[in-house]
Amino acid sequence: MGDLDQNRSEDGDRRGVRPSEMAADPSSAESITAAKRRLKADQLAAMTRTVFFGTTPGLKRPPKPDNVADVLAWAQEPLATAEVAAIARVDMTDARNALGRIARPTSAGAELFWTAA
């Protein structure tokens, strides 16, 4: 049993392990793919950003956008509420409320996609 295995819960999920530890060789697509499989979906975006920005020399994570309008202007295409929330680094409710004031929604099943009004 490896050192990282001691951080597994009874259901096999990893606990308290930095994403960069999970991708033994961050330059290897195979190790990154293997690391993604071991993470739950809500951890995937954070792990991807950590590995990407942490292992690419000279690359810095962009600053947090000032508001959701900046996110829509940057994207130049419709974005789902969850995408806007993740990029703006706000929770879904705050993103949905802000988008409702400044953007035009398009329904796609249970989700809304937003474009600048």
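The values are calculated or read from the model by the stated rules, or taken from the named source; none is laboratory data. Note that the structure is predicted; figures quoted are calculated from it, not measured. Cβ: placed from backbone, ideal geometry, glycine included. Neighbour counts: every protein chain shown.
Okay, here's what the table says:
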| read-out | value |
| --- | --- |
| Filtered residue count, the stretch 72-117, keeping only those that are assigned to a helix (DSSP H, G or I) and surrounded by fewer than 11 Cβ atoms within 10 Å (Cβ to Cβ) | 2 |
| Residue in the stretch 61-76 that is more than 16 Å from Ala98 (Cβ to Cβ), more than 12 Å from the chain's Cα centre (by Cα) and at pLDDT below 80 present | yes |
